[in-house]
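Each remark here refers to the structure printed beneath this line.
The values are calculated or read from the model by the stated rules, or taken from the named source; none is laboratory data. This one's a predicted model, so the numbers in the text were calculated from it and none came from an experiment. Backbone-built Cβ (ideal geometry, glycine too); neighbour counts: all protein chains shown. Note: areas computed on protein heavy atoms with side chains; ligands, DNA, RNA excluded. Shrake-Rupley method; radii C 1.70, N 1.55, O 1.52, S 1.80 Å.
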Amino acid sequence: SRPRFKKGQLILLSIAAANRDPKVTDHPEAFNIHRPAFEHVSFGHGIHLCLGVPLAWLEAEIALNLLLDRFPDLSLPQQALHFDESPFFRGLQRLDLKVA
């Protein structure tokens with residue numbers, strides 16, 4: 001059933017919950033770089049799509065390629081992941097990587 005809102009009722013939207021719907025992806029709380037692609041809302045959607053998306057993708061591609069070129073044996077060791085406790089944004093407090 002759909003939620004019902006009353007006129008004048010305060011509603012708080014949290015983008016920290018974006019892309020974490022267990023109906024869309026298995027184990028949404030887990031970091032999985034091999035997760036199959038799904039229609040996420042990280043940069044908005046439709047007319048609300050961020051204009052900076054192409055630049056963000058390009059910057060990420062360049063940065064990750066440089067990192068992997070410099071450290072070809074980079075790996076992600078088993079570790080407990082701790083996220084910031086913010087109702088507005090969700091991000092890792094720390095992510096350790098292993099350089100062989």
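Remarks
- Within the range 62-100, if we keep just the residues that are in contact with a strand residue (DSSP E or B) (Cβ under 7 Å, 6 or more places away or on another chain) and of a type in the set (S, T, N, Q), the residue that is least open to solvent (accessible area, probe 1.4 Å) turns out to be S75.
- When the residues of the range 4-56 are filtered to those that are among the charged types (D, E, K, R) and out of contact with any Lys or Arg (no Cβ under 9 Å at 6 or more places or on another chain), the one that is nearest to E85 (Cα to Cα) is D21.
- Identity of the residue in the range 12-61, open to solvent by 100 Å² or more (accessible area, probe 1.4 Å) and in contact with a Leu (Cβ under 9 Å, 6 or more places away or on another chain), that ends up nearest to L92 (Cα to Cα): F31
- In this entry, L68 passes the filter for residues that are in a helix (DSSP H, G or I), touching a Leu at 6+ places or on another chain (Cβ under 8 Å) and aliphatic (A, V, I, L, M).
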